[in-house]
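Novice: Can you keep this structure in mind? I'll have questions shortly.
Readers should treat all values here as calculations from the given coordinates under stated rules, not as data from a laboratory. Every value quoted in this text rests on a predicted model; they were computed, and no experiment measured them. Please note: Cβ atoms are built from the backbone with ideal geometry, for glycine as well, and neighbour counts cover all protein chains shown.
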Amino acid sequence: MNRALLALLVLLSLSGCAFTPQAVSIAPNVNVAASNIGSGREVSLNVVDERPKKTLGTVGARGIGADISLEGDLVAAVQRALADGFEKMDFKPGNAQLGNNTGIRVEIRNLDYVIIQGFWAGTLRVDAGLKAICIRNGLRPYEKLYHGEFVESIQVVQGKEANERYINTALSDAVNSLLSDRELLDCLAQGI
């Protein structure tokens, strides 16, 4: 009887986590090889948040539970990560400038956290989407959507640290996919 009561108390305490809001920090990990593809070319870098909703999801399944939100500025974090990556490839990224004819616009299309409830366990899925648009002389010769994902089978509500790791993994995948796209890099390197 005591074991059953203890197990019930443990389950109730873990389910309480589903109703505690979480604010996660965003810090994408850039993993690109250094190169000289940019040849020191200046490019404007403009990152915008185009997500339809500003929360990431809920801690519990089926949308029940507390919201997961962002701590800090998502746009600034993605801009910093992309700037670091472009600098490693010998580009000189800067803010959008009137006189610069070569640039990239990156739209944060989605960053979603979902738990799909199963019979014994649930599936946690984090999805990140970034759209890059190469701009040359007012034209858009190249556009592409990049995707990052994290999927894990879970049995209990995840804490803030774990969720932060999952969300940053998915966003890092999308950032690194963008930075590894040779066609995009060639578009930026060609300039005017």
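Novice: Normalising by the residue count of segment 2-190, find the relative contact order in percent from Cα pairs under 8 Å and 6+ residues apart.
Specialist: Relative contact order comes out at 26 percent.
Novice: Between Asn31 and Glu87, what length in nm is gained on full extension when 0.36 nm per residue of separation is reduced by their alpha carbon distance? List each step's numbers first, then the result.
Specialist: Working: separation 56, 0.36 × 56 = 20.16 nm, distance 1.23 nm.
My answer for the length gained is 18.9 nm.
Novice: Hey, another quick one. Which of the residue pairs Lys88/Lys160; Lys53/Lys92; Lys88/Lys144; Lys53/Lys144 have a Cα-Cα distance greater than 28 Å in the structure shown?
Specialist: Result: Lys88/Lys160; Lys53/Lys92 exceed 28 Å.
Novice: If you plug each phi of segment 33-45 into the Karplus form 6.51 cos²θ - 1.76 cosθ + 1.60 with θ = phi - 60°, what whole-Hz ³J(HN,Hα) values come out, in order, with x for Gly and Pro?
Specialist: Each residue of segment 33-45 in turn: 6, 5, 8, 10, 4, x, 6, x, 5, 7, 9, 7, 10 Hz.
Novice: Counting only residues 5 or more places away or on other chains, whose amide H sits under 5 Å from the amide H of Arg41 once H atoms are built in the peptide plane?
Specialist: Lys92
Novice: A further question on this structure: Calculate the dipole size of segment 75-134 relative to its Cα centre from +1 charges on Lys and Arg beta carbons and -1 charges on Asp and Glu beta carbons; express the result in debye to the nearest 20.
Specialist: On the way: 7 positive and 6 negative charges, 16 e Å.
Roughly 80 debye, rounded to the nearest 20.
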